[in-house]
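Trainee: I'd like to ask you about the structure that follows.
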Amino acid sequence: MLSLKHLSKTYADGTRALSDITLTVHEGEIVALIGGSGCGKTTLLRLIAGLDRESAGRIRLDGEVLSGPHPAVGIVFQEPRLLPWLTVFENIAFGLDGVSAAEKNARVSHALEKIGLSEHANRWPRDLSGGQQQRVSIARAFVTNPKVLLLDEPFSALDAFTRASLHEHLLGLWEETRPTVVLVTHDVQEAVTLADRAVVMQPKPGRIFDELPLTLARPRDRTGLPFESSVRRILTALDHSLKAPQEQPQRERDRQAAALWW
Amino acid sequence: MTSSRESAVSGNAETVAWSSQEGAAALAAPDFAEKRRAFDGRILLGFLLPIAIALLWEAAVYFGLSQGRLIPPPSRILATLEALAKTGELWAHSWMTLWRVLTGFAIGAVAGIVLGTLSGSSRTIRQFLDPTLQALRAIPSIAWVPLFILWLGIFEASKVALIAVGVFFPVYLGIAGAILSLDRKLVEVGHVFRLSRLQLARRILLPAVLPEAVIALRSGLGLGFMFVVAAEFMGASEGLGYLLVDGQQMGKPDQIVAAIIAFALLGKIADSLLVVASMPLVRWQDTVRERL
């Protein structure tokens, strides 16, 4: 269980990027952090990954306080960030340092198969398309079997078709070990496709505005009515979060009650 | 030295442009055989102009349009080269020059790599070291010659020192610049996988810096050949530079041109060897190499 308690981040120049974030993510849960630009989504992820230090508050993973990068926490960045001098295989194996050669081989081969790039194992990253590179980057994070996987808008630079196929690849990998996933996105459809819960954030300073459970059955039908209404609920919450920064959020419970009334 | 730095920088820009082009072209599956053929054709095209000029000059001298005394025709230059090779002089002089360049290059390159690495990786060391080195760099290297001769004598030591100084600056600048321009995003990947400082240097810093380091070493080697001529001008009884001076004093232009050709070949061979030796290390971006 990943728990964030009263987390704040103030940069050296006085900018308050995050203020009093409290959030609990259960084991195996996929949580989407969603919100307009500048609301601190990426900052929050970097704090969990240990790439930046929090100004106040605590991050705990199964009771252990996280300070700095942790072996059980993996991250996929917005860009693939593959090392151009390593082949696809070596890139995926990058984090498998203490693992025996046979085990490494097996794990990487399996991951390559899962992302459908087995025949590209010995090519350089520059020979791959953007979507393929991002798949390699996801595989690199998965092979270390992290308990928590952080995804920082990993599909934002891709076209809609590539994105949809990457969603499937991601869920395919996730099914195997079911890590806890925190996904940052600004794409509402993506949040509804992947997440069990959407956390809507609000800018200046970044804070949590509302949480919406997404209880649709998997695999999710993107054309169905429940999908559509979930998307609409998130969009409404986003709208509120941007329009009325000081106003108390209308709670999800009230809205569900309203829906029942209808 | 400024120009060599600039060429390194523009080479870098080319790298970036080319790799993105390459990324786009990857889907189109380029026909390698076709690429190779076009490449060879262009090389042959480059030979056309010098060969034409050589043949024209040869004909002009042959038909008596020119005496060819101050500008010897190609046949006489070849004959001189052959004669020098037969007596063994050519090899002795070439070997001497090569030895000086390589010794000076080794000293200058090692110093450049060490100080460049220090200056590139630590802000404190950079602030301490860099201003002094930049000030020294502003001195034309040839200006050191009188001092070096006073300090080290007129024999090998002063010559090697001059070459080492010439090699040092482009290597130092290239290495420090390459480390400073290292992509923070890739370093973060290392942090995420909790690499130690040493592992970070070996697994991310070193490979990322290598292509630019090779370019820095190549421009250093080029300058080494430039300075060996200067060094051998200032008083030597052996070396290709001596052949040049001797040719001038004895009025033998064919010997001068022969020595120049020997210099060109030697420099090109040394540069190619450096390229071939570094090829396996920078194979991941070898498309760039074809363009440089």
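The values are calculated or read from the model by the stated rules, or taken from the named source; none is laboratory data. None of the values given here were measured: they were computed from a predicted structure. Positions of Cβ are backbone-derived with ideal geometry, glycine not excepted, and every protein chain shown enters the neighbour counts. Ligands, DNA and RNA are stripped out before the accessible areas are found, and what is left, the full protein with its side chains, is counted by its heavy atoms. Shrake-Rupley method; radii C 1.70, N 1.55, O 1.52, S 1.80 Å.
Trainee: If I filter segment A:64-80 down to residues being open to solvent by 30 Å² or more (accessible area, probe 1.4 Å) and touching a residue at least 12 places away in the same chain (Cβ under 8 Å), which single residue comes out as farthest from the other protein chains (Cβ to nearest Cβ)?
Mentor: Among those that are open to solvent by 30 Å² or more (accessible area, probe 1.4 Å) and touching a residue at least 12 places away in the same chain (Cβ under 8 Å), it is A:SER67.
Trainee: Would you call A:ARG178 under 23 Å from A:GLU27 (Cα atoms) and modelled with pLDDT of 85 or more?
Mentor: Yes, satisfied.
Trainee: In addition: Return only the number of the condition from (1) at pLDDT 90 or above; (2) loosely packed, with under 15 Cβ neighbours inside 10 Å that B:MET279 does not satisfy.
Mentor: Single failed check for B:MET279: (1).
Trainee: Would you please list the contacts, defined by Cβ atoms under 9 Å and residues six or more apart or on different chains, that run from a residue in segment A:100-128 that is within 14 Å of chain B (Cβ to nearest Cβ) to a residue that is of a type in the set (Lys, Arg) and part of a helix (DSSP H, G or I)?
Mentor: A:LEU117/A:ARG135; A:TRP124/B:ARG283; A:LEU128/A:ARG135
Trainee: Hey, does segment A:27-39 have a residue that's touching a strand residue (DSSP E or B) at 6+ places or on another chain (Cβ under 9 Å), within 11 Å of another protein chain (Cβ to nearest Cβ) and modelled with pLDDT under 90?
Mentor: For segment A:27-39, residues touching a strand residue (DSSP E or B) at 6+ places or on another chain (Cβ under 9 Å), within 11 Å of another protein chain (Cβ to nearest Cβ) and modelled with pLDDT under 90: absent.
Trainee: Restricting attention to segment B:192-207, which residues are within 11 Å of chain A (Cβ to nearest Cβ), in contact with a helix residue (DSSP H, G or I) (Cβ under 8 Å, 6 or more places away or on another chain) and either among the hydroxyl-bearing types (Ser, Thr, Tyr) or open to solvent by 30 Å² or more (accessible area, probe 1.4 Å) (or both)?
Mentor: B:PHE193, B:GLN199, B:ARG203
Trainee: Among the helices (runs of 4 or more DSSP H) lying completely within segment B:188-292, list those that include at least 1 residues that are in contact (Cβ under 8 Å) with a residue 40 or more places away in the chain.
Mentor: B:206-233, B:240-249, B:253-278, B:286-291
Trainee: Also: Can you pull out every residue in segment A:209-238 that is of a type in the set (A, V, I, L, M, F, W, C) and either open to solvent by 50 Å² or more (accessible area, probe 1.4 Å) or at positive phi (or both)?
Mentor: Within segment A:209-238, A:ALA217, A:LEU225, A:LEU235 qualify.
Trainee: Here's something else I'd like to know. I need the full set of residues from segment A:206-235 which are over 20 Å from the mean Cα position of the chain (by Cα) and at pLDDT below 85, in order please.
Mentor: Selection gives A:ASP221, A:THR223, A:GLY224, A:LEU225, A:PRO226, A:GLU228, A:SER229.
Trainee: Mind telling me which of the residues A:ALA93, A:ALA12 ends up being within 14 Å of another protein chain (Cβ to nearest Cβ) and either at pLDDT 90 or above or under 29 Å from B:ALA208 (Cβ atoms) (or both)?
Mentor: A:ALA93
Residues checked against (1) within 14 Å of another protein chain (Cβ to nearest Cβ); (2) in a helix (DSSP H, G or I); (3) among the β-branched types (Val, Ile, Thr):
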{"site": "B:ALA143", "(1), (2), (3)": "no, yes, no"}
{"site": "B:PRO146", "(1), (2), (3)": "no, yes, no"}
{"site": "B:TRP151", "(1), (2), (3)": "no, yes, no"}
{"site": "B:ILE154", "(1), (2), (3)": "no, no, yes"}
{"site": "B:GLY174", "(1), (2), (3)": "no, yes, no"}
{"site": "B:LEU182", "(1), (2), (3)": "yes, no, no"}
